[in-house]
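Participant: Below is one structure. I have some questions about it.
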Amino acid sequence: YRKDLLRLAADATGAGRLDAPDATATAHNPACGDRVTVDLTLEGNRVVALAHRTHACVLTQASAAILADAAEGLDREGIATLAAAVEAMLKTGAPPPRPAYGAFDGVTGHAGRHKCVLLPFEAALAALDQGKEGR
């Protein structure tokens, strides 16, 4: 793995749990065993805080850290749009939607690893759906 990717995973922005989340969801990748749990604090339909607990590879850890930094102020549509842009970057080599996602440029040729990068989005979107249902 490249140094910038390792650094993102090691910095672990947002790692841990929120004391009183409005929504929580876990996503699992059965192919490799990666698991990420995302806690959200919401104000209306927007993310105020995102924390994550990852038992996963460096790719999932780094992706969760970037999402923790990027999610503040986004609603479900904003996170889904960001996820779609990251997926397009991985599948087609499109430009990264945020500079930090450029750390995953070495993953584009490894389709089996795309799920690892997208797993935190899956958990965050599921948590947002849960938060919406709970209101």
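The values are calculated or read from the model by the stated rules, or taken from the named source; none is laboratory data. Because the structure is predicted, anything quoted here is derived from the model rather than measured. Note that each Cβ is placed from the backbone with ideal geometry, even for glycine, and that neighbours are counted across all protein chains shown. Surface accessibility is based on the protein's heavy atoms, side chains included, excluding ligands, DNA and RNA. Shrake-Rupley method; radii C 1.70, N 1.55, O 1.52, S 1.80 Å.
Participant: Looking at the range 10-22 only, could you name the residues that are among the hydrophobic types (A, V, I, L, M, F, W, C) and in contact with a Lys or Arg (Cβ under 8 Å, 6 or more places away or on another chain)?
Facilitator: Of the range 10-22, the ones among the hydrophobic types (A, V, I, L, M, F, W, C) are 10, 12, 15, 18, 20.
Across the range 10-22, the qualifying residue is only ALA15.
Participant: Now for a different question. Quick check on THR60: is it under 22 Å from ASP4 (Cβ atoms), out of contact with any Gly (no Cβ under 8 Å at 6 or more places or on another chain), in a helix (DSSP H, G or I) and open to solvent by less than 40 Å² (accessible area, probe 1.4 Å)?
Facilitator: On the way: under 22 Å from ASP4 (Cβ atoms): yes; out of contact with any Gly (no Cβ under 8 Å at 6 or more places or on another chain): yes; in a helix (DSSP H, G or I): yes; open to solvent by less than 40 Å² (accessible area, probe 1.4 Å): yes.
Criteria met by THR60.
Participant: Can I ask one more? So, ARG135, is that one in a helix (DSSP H, G or I), among the charged types (D, E, K, R) and either modelled with pLDDT under 95 or in contact with a Gly (Cβ under 7 Å, 6 or more places away or on another chain) (or both) or not? Break it down into steps so the answer makes sense when it comes.
Facilitator: Values: in a helix (DSSP H, G or I): no; among the charged types (D, E, K, R): yes; either modelled with pLDDT under 95 or in contact with a Gly (Cβ under 7 Å, 6 or more places away or on another chain) (or both): yes.
No; evaluated as a whole, the condition is false for this residue.
Participant: Among what's in the range 84-135 and is polar (S, T, N, Q) and free of Cβ contacts under 8 Å to residues at least 60 places away in the same chain, pick the residue that is least open to solvent (accessible area, probe 1.4 Å).
Facilitator: Residues of the range 84-135 polar (S, T, N, Q): 92, 108, 130.
Filter once more, keeping what is free of Cβ contacts under 8 Å to residues at least 60 places away in the same chain: 92, 108.
Details: THR92: 107, THR108: 53 Å².
Residue satisfying both the conditions and the ranking: THR108.
Participant: Restrict the check to the range 83-99 and report whether at least one residue is in a helix (DSSP H, G or I) and under 15 Å from ASP129 (Cβ atoms). Step through it out loud before you land on a result.
Facilitator: Step one: of the range 83-99, the residues in a helix (DSSP H, G or I) are 83-92, 99.
Restricting the remaining residues to those that are under 15 Å from ASP129 (Cβ atoms) gives 83.
Within the range 83-99, one or more residues are in a helix (DSSP H, G or I) and under 15 Å from ASP129 (Cβ atoms).
Participant: Would you mind stating whether ASP22 is surrounded by 15 or more Cβ atoms within 10 Å (Cβ to Cβ), more than 17 Å from PHE121 (Cβ to Cβ) and modelled with pLDDT of 95 or more? Spell out how you get there, then give the answer.
Facilitator: Numbers: surrounded by 15 or more Cβ atoms within 10 Å (Cβ to Cβ): yes; more than 17 Å from PHE121 (Cβ to Cβ): yes; modelled with pLDDT of 95 or more: yes.
The answer is yes for ASP22.
Participant: Could you check how many residues of the range 30-48 are over 13 Å from the mean Cα position of the chain (by Cα), on the phi < 0 side of the Ramachandran plot and surrounded by fewer than 19 Cβ atoms within 10 Å (Cβ to Cβ)?
Facilitator: Qualifying residue count for the region: 8.
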